[in-house]
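The values are calculated or read from the model by the stated rules, or taken from the named source; none is laboratory data. These figures come from a predicted structure and were not determined experimentally. All Cβ positions, even for glycine, are placed from backbone atoms using ideal geometry, and neighbour counts span all protein chains on display. What goes into the accessible areas is simple: the full protein's heavy atoms, side chains included, and nothing from ligands, DNA or RNA. Shrake-Rupley method; radii C 1.70, N 1.55, O 1.52, S 1.80 Å.
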Amino acid sequence: MGKFDHGVIYHTHAMAYFARYRLATALREDPLRVKLLIAGTQPKPELYWIDELGSCCKIPYGVHGYASNFLLGLLDRRYR
């Protein structure tokens, strides 16, 4: 995203915490009902989960949608 605007490549960690900051500040003014999975490969593969309250966690795998309960059960058992 930043590469197109400023010629700078941002790390996944920086982008996740930027999104977390924006959600946390919006919580005080006009709350947003969003949940995010942010993935990237700069400098290494990472995946972050951010909820509507602005809490951010680095996770090994993640799913969204109707089948998320089923898929999380499979991933908990089979992921290594």
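For segment 20-37, state whether one or more residues are surrounded by 12 or more Cβ atoms within 10 Å (Cβ to Cβ) and acidic (Asp, Glu).
No - not one qualifying residue is present in segment 20-37.
Tally up the residues in segment 33-80 that are among the hydroxyl-bearing types (Ser, Thr, Tyr) and either in contact with a helix residue (DSSP H, G or I) (Cβ under 6 Å, 6 or more places away or on another chain) or under 18 Å from Tyr10 (Cβ atoms) (or both), please. Steps first, answer last, please.
Initially, segment 33-80 is screened for residues among the hydroxyl-bearing types (Ser, Thr, Tyr), giving 41, 48, 55, 61, 66, 68, 79.
Within this subset, residues satisfying the condition of being either in contact with a helix residue (DSSP H, G or I) (Cβ under 6 Å, 6 or more places away or on another chain) or under 18 Å from Tyr10 (Cβ atoms) (or both) are 41, 48, 61.
Summing the residues that are among the hydroxyl-bearing types (Ser, Thr, Tyr) and either in contact with a helix residue (DSSP H, G or I) (Cβ under 6 Å, 6 or more places away or on another chain) or under 18 Å from Tyr10 (Cβ atoms) (or both) in segment 33-80 gives 3.
Can you tell me how many residues within segment 46-80 are open to solvent by 80 Å² or more (accessible area, probe 1.4 Å), touching a residue at least 12 places away in the same chain (Cβ under 8 Å) and farther than 10 Å from Ala16 by Cα?
4
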